[in-house]
Amino acid sequence: MQQQRKKKIYNKGKWSGKPYNFFGDYLSAKYNCRVLKLPIDAGLSCPNRDGTIGTGGCIFCGEDGSASPTARLSYTITDQMTDARNTFKRGNIPTKYIAYFQAWTNTYGDIQQLKKLYDEAVSFPDVIGLMIGTRPDCINKDVVELISSYKKENFELWIELGMQSIHDKSLRFLRRGHSHAQTLEAINIINQYSIPQCLHLIIGIPGETWEDMMETALSISRLPVQGVKIHHLHIIKNTALEVIDKKEPLQLMTLKEYVSVVCDFIERLRPDILIHRLMGDRPADSLIKPKWGLHKGTVIKAIEDEFEKRVTCQGFFYNSEEF
């Protein structure tokens with residue numbers, strides 16, 4: 001039965017032969033060209049930093065709020081996108097772009113302010129999508145209604161939510177400032193407007209067992225979400241996590257452990273869910289550990305090699321009849 005299901009998954013919904021449903025392949029197949037995300041720092045804040053619910057932020061969050069280096073080069077959104085486009089330019093290869101509000105909390109502002117920011121981003125040449133990263137506790141019907149106004153045919157509209165884990169004990173450790181119940185509420189609101197959503201997850205949170213992480217995968221498979229971003233827990237300079245690690249060094253996952261758990265996780269993930277990324281990454285000068293996180297290509301190849309060795313793929317242990 002498992003072998004039959006595996007064969008079906010491999011032959012359906014795959015564009016490159018990868019053992020998982022990769023977002024990049026989905027974009028290439030749909031738009032028949034190179035599609036790149038242009039990262040944006042909109043200058044917005046975060047309720048976990050400005051005193052609304054906290055001042056220190058999440059323990060893993062750096063001083064740049066996860067901004068790409070290109071997003072810090074200039075002030076205006078148009079200039080940031082231009083800088084990013086020029087950085088990514090490769091000859092005359094036909095390319096389209098997704099405006100990606102990446103840094104900080106991009107629904108945390110007045111509706112008119114947010115509309116002005118989004119309007120500027122989608123007016124950039126050759127933009128065929130809008131992706132907005134935010135927190136579950138910064139989602140409400142007004143802001144989702146605004147985002148839904150950008151829906152149109154052949155346009156990639158996504159909301160990215162920082163779920164990180166389904167376990168409240170982990171959210172407390174990460175000092176997220178919200179509960180899993182709030183994440184579920186946000187997912188439900190977004191689903192009412194039929195906007196695709198991508199969940200950010202962290203693998204290797206201290207205190208989580210293998211069973212805890214697999215429970216997160218199975219829970220996500222029950223939710224009306226269309227994508228996930230998988231990150232490993234890494235320690236960045238000038239974060240609360242660095243302070244914790246200095247007091248008592250954290251035992252983070254080795255590369256071998258991470259590869260194994262990620263494959264286990266993806267095997268239990270619903271086959272149609274698009275995987276936007278498989279690990280986090282940081283510039284070398286800001287990363288403390290693990291250093292294997294500097295070698296993104298090696299990590300991704302190791303994950304794909306592990307799937308090949310197992311002769312499994314995304315959804316191998318997923319059974320829709322159980323949900």
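The values are calculated or read from the model by the stated rules, or taken from the named source; none is laboratory data. A quick note: this is a predicted structure, and the numbers were derived from the prediction, not measured. When we count neighbours, we look across all protein chains shown, and the Cβ atoms used for this are built from the backbone with ideal geometry, even at glycine. Ligands, DNA and RNA are stripped out before the accessible areas are found, and what is left, the full protein with its side chains, is counted by its heavy atoms. Shrake-Rupley method; radii C 1.70, N 1.55, O 1.52, S 1.80 Å.
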Set the Förster distance to 30 Å, then compute FRET efficiency between F155 and D110 from the Cβ-Cβ distance, nearest 0.05. 0.80
If Rh is defined by the Kirkwood formula over all Cα pairs and Rg also comes from Cα, what ratio Rg/Rh do you get for region 73-124? 1.02
Excluding Q182 itself, what net charge comes from residues whose Cβ is under 11 Å from its Cβ, given Lys and Arg +1 and Asp and Glu -1? -1
Cα-Cα pairs above 19 Å in region 151-209: how many percent? 37
So with the 1.4 Å probe, I'd like the accessible area per residue for the chain, rounded to whole Å². 46
Label D119 and T52 with points 7 Å out from Cα along Cα→Cβ: what is the distance between them in nm? 2.2
A student asked for the Cα radius of gyration and Dmax of region 179-323 in angstrom ought to give 16.1, 48
With a ≥ b ≥ c from the Cα gyration tensor eigenvalues, square-rooted, and the rule rounded for a/c under 1.5, otherwise prolate when a/b > b/c and oblate otherwise, region 69-192 is prolate
Using a 10 Å cut-off on Cβ atoms, rank the peptides 308-319, 19-30, 247-258, 286-297 from the highest mean neighbour count down. 19-30, 308-319, 286-297, 247-258
Return the calculated 222 nm mean residue ellipticity for the chain, to the nearest 500 deg cm²/dmol, obtained by summing -39500 (n - 2.57) across DSSP H runs with n ≥ 4 and dividing by the residue count. -11000 deg cm²/dmol
Please state the relative contact order of the chain as a whole percent: Cα pairs under 8 Å, 6+ residues apart? 19
By how many nm would the segment from T298 to K30 lengthen if fully extended, with 0.36 nm per residue of separation less the alpha-carbon distance? 93.7 nm
Here the Kirkwood hydrodynamic radius of the chain, Cα-based and in Å, equals 20.4
What is the sum of charges around C263, taking Lys and Arg as +1, Asp and Glu as -1, for the other residues whose C-beta is under 9 Å from the C-beta of C263? -2
Simple SL model, points at 7 angstrom along Cα→Cβ for R172 and D281; separation in nm is 3.6
By DSSP, what percent of the beta bridges with both residues in region 187-323 are antiparallel, rounded to the nearest 5? 20
Most positive-pole-ward Cα, Q251, N106, N188, against dipole of the chain from beta carbon charges: Q251
For region 229-294: span of alpha carbons on each principal axis (Å, largest first): 41, 21, 19
Hey, any idea what % of the chain's accessible area is carbon plus sulfur with a 1.4 Å probe? 50
Local net charge near K169, Cβ-Cβ under 15 Å (Lys/Arg +1, Asp/Glu -1): -2
